[in-house]
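Visitor: First the structure, then my questions, so here it is.
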Amino acid sequence: MSAVIIFLILGILMLTGMPVFAGLALLLLCQLVGEAAARLLHLPLPGPVLGLLVLVALLQVQRLRGPAGAAADALLQHLSLLFVPVGVGVMAH
């Protein structure tokens, strides 16, 4: 059910011209599909790895490359902020 909701949000965001949020919804949808496949099919691969394979397959569609690239650029611009909690944890211990 949540995959359907994320898929609908992805479609709405792509139509409204919000490529960063559409790309983030696409990334979350791929991870959700990977997690669901790993748990339902009892596969020996982790869900995020399967989600990455789904993302690679979806990136063959030209229309999805733009939003995924916009989300990747936004995440890469703020990548250093993602290391702050880890750095604080290391310093605290």
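The values are calculated or read from the model by the stated rules, or taken from the named source; none is laboratory data. From a predicted model like this one, the values you see are computed outputs, not experimental measurements. Quick reminder, even Gly has a Cβ in these numbers, built from the backbone with ideal geometry, and neighbours come from all protein chains shown. For the accessible areas, the whole protein counts, side chains as well, though only heavy atoms, and no ligand, DNA or RNA atoms are used. Shrake-Rupley method; radii C 1.70, N 1.55, O 1.52, S 1.80 Å.
Visitor: On the accessible surface of the chain, probed at 1.4 Å, how many percent belong to carbon and sulfur atoms? Display every interim value, and only then the final one.
Guide: On the way: 5160 of 6640 Å².
Of all accessible area on the chain, carbon and sulfur atoms account for 78 percent.
Visitor: Ok, one more. So what is the relative contact order for the chain, in percent, with contacts set as C-alpha pairs under 8 Å and at least six apart?
Guide: Values: 91 pairs, mean separation 25.3, N = 93.
Averaging sequence separation for qualifying contacts and normalising by length gives 27 percent for the chain.
Visitor: Let me ask something else about it. To the nearest 0.05, how large is the calculated FRET efficiency for Thr16 and His78 if R₀ is 22 Å and r is the Cβ-Cβ distance?
Guide: 0.45
Visitor: Filter the chain for me: DSSP H helices, axial length by Cα at least 18 angstrom, mean Kyte-Doolittle hydropathy not below -0.5. List them by residue number. Display every interim value, and only then the final one.
Guide: Working: long enough: 2-16 (21 Å, 2.80); 19-41 (32 Å, 1.70); 62-77 (23 Å, -0.09).
Helices meeting the criterion: 2-16, 19-41, 62-77.
Visitor: So which chymotrypsin sites (Phe, Trp or Tyr not before Pro) in the chain end up in coil per DSSP with only 12 or fewer other C-beta atoms within 10 Å?
Guide: Phe83
Visitor: Kindly report the accessible area of segment 21-60 per residue (heavy atoms of protein chains, probe 1.4 Å, no ligands, DNA or RNA), in Å².
Guide: Values: 2480 Å² over 40 residues.
Heavy-atom SASA per residue in segment 21-60 reads 62 Å².
Visitor: Considering only protein heavy atoms, with the full assembly of protein chains and a 1.4 angstrom probe, order Leu29, Leu82, Leu40 by accessible area, largest first. Show your work: numbers first, answer last.
Guide: Details: Leu29 20, Leu82 110, Leu40 135 Å².
Largest accessible area first, the residues go Leu40, Leu82, Leu29.
Visitor: Give me the Kirkwood hydrodynamic radius of the chain, using the inverse of the mean 1/r over all pairs of distinct Cα atoms, in Å to one decimal. Before the final figure, lay out each step's value.
Guide: On the way: mean 1/r = 0.0689 Å⁻¹.
Taking the inverse mean of 1/r over all distinct Cα pairs, the chain comes out at 14.5 Å.
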